[in-house]
Amino acid sequence: MPVLNTYKLDGSKAGTVELKDEIFGIEPNKAVMHEVLVAELAGAREGNASTKTRAEVRGGGRKPFRQKGTGRARQGSTRAPHMVGGGVVHGPKPRDYTKKVNKKVRRLALRSALAVKINNGDLIVLDDFTLDVPKTKTFVNFAKVLNFAGEKQLFVADYNEDTFNRDVNLDYSVRNIEKVTSLDSRSLSIFWLIKQDKVVVTKEALATIEEVLA
């Protein structure tokens, strides 16, 4: 059963927390992590490239010139694909790049990514998280004390079911720090777990994640 130290915002050790072995102590499945990462990146694509067919291009209502007597090939519209200003044949249209991933597969991928962070010592648990106002300096000093300042960091706070939002003080505190991102426990994804070097998660958010991935 993995046991992690918990820290206060000043960087001092607050205690320990035990994690469920069947969730955070599994053997990471890299194939599943790759599958879910590809799905997340595909889902982030907008797919809004669009071209107009000859039916959608403005104009082209009249015949360019008479059918016979000019010596040229007959033409019915100035908006035909081979005409300048005409429509596009087989051009791109808005499409959905979403790839379906089963819930169990996504959960296994998240458990695997978190297990990798724990095995590498890159998951840090924040014991107390109470900020009345945003304070960037607090989190800068926190990273310095624990010797991961300058690394890519991900802060995860718990999602507030009562107010239907995440901790804005955390967002405002870290958003101006280079290479630092903040998420709520609901928005945790493989992309950010792989992209960021250190993951700092509050004790409450860790309990929520453990409940969701159970």
Inset, instruction - Consider only pairs whose beta carbons are under 6 Å apart and that are at least six residues apart or on different chains; among these, list those whose first residue lies in region 1-24 and is among the hydrophobic types (A, V, I, L, M, F, W, C) and whose second residue is surrounded by fewer than 15 Cβ atoms within 10 Å (Cβ to Cβ) and part of a strand (DSSP E or B). - result: 1/18; 3/16; 3/18
Legend entry - Selection count where residues are open to solvent by 40 Å² or more (accessible area, probe 1.4 Å), within 25 Å of the chain's Cα centre (by Cα) and aliphatic (A, V, I, L, M), scope region 117-151: 2
Inset, instruction - Report, by residue number, each residue of region 114-144 that is farther than 21 Å from residue 170 by Cα and among the small types (Gly, Ala, Ser). - result: 115, 121
Inset, instruction - Determine the pairs where a residue that is farther than 11 Å from residue 194 by Cβ, located within region 33-46, has a partner that is part of a helix (DSSP H, G or I) and among the β-branched types (Val, Ile, Thr) with Cβ atoms under 7 Å apart, the partner being 6 or more residues away or on another chain. - result: 35/105
Inset, instruction - Determine if region 20-33 includes at least one residue that is under 24 Å from residue 211 (Cβ atoms), in a helix (DSSP H, G or I) and open to solvent by 50 Å² or more (accessible area, probe 1.4 Å). - result: yes
Legend entry - Filter pass, residue 9 being surrounded by 12 or more Cβ atoms within 10 Å (Cβ to Cβ), in contact with a helix residue (DSSP H, G or I) (Cβ under 9 Å, 6 or more places away or on another chain) and assigned to a loop (DSSP other than H, G, I, E, B): yes
Legend entry - Among the residues listed as 47, 87, the single one being surrounded by 12 or more Cβ atoms within 10 Å (Cβ to Cβ), at positive phi and either part of a helix (DSSP H, G or I) or not hydrophobic (A, V, I, L, M, F, W, C) (or both): 47
Legend entry - Flag for residue 173 being hydroxyl-bearing (Ser, Thr, Tyr) and surrounded by fewer than 16 Cβ atoms within 10 Å (Cβ to Cβ): no
Inset, instruction - Kindly check whether there is at least one residue in region 117-138 that is touching a residue at least 40 places away in the same chain (Cβ under 8 Å), of a type in the set (S, T, N, Q) and within 20 Å of residue 19 (Cβ to Cβ). - result: yes
Inset, instruction - Tell me, yes or no, whether region 95-113 has at least one residue that is surrounded by 14 or more Cβ atoms within 10 Å (Cβ to Cβ) and touching a Lys or Arg at 6+ places or on another chain (Cβ under 8 Å). - result: yes
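The values are calculated or read from the model by the stated rules, or taken from the named source; none is laboratory data. Source: prediction; values computed, not measured. As a convention, Cβ positions derive from the backbone with ideal geometry for all residues, glycine included, and neighbour counts pool all protein chains shown. Just the protein is used for accessible areas: all its heavy atoms, side chains included, with ligands, DNA and RNA removed. Shrake-Rupley method; radii C 1.70, N 1.55, O 1.52, S 1.80 Å.
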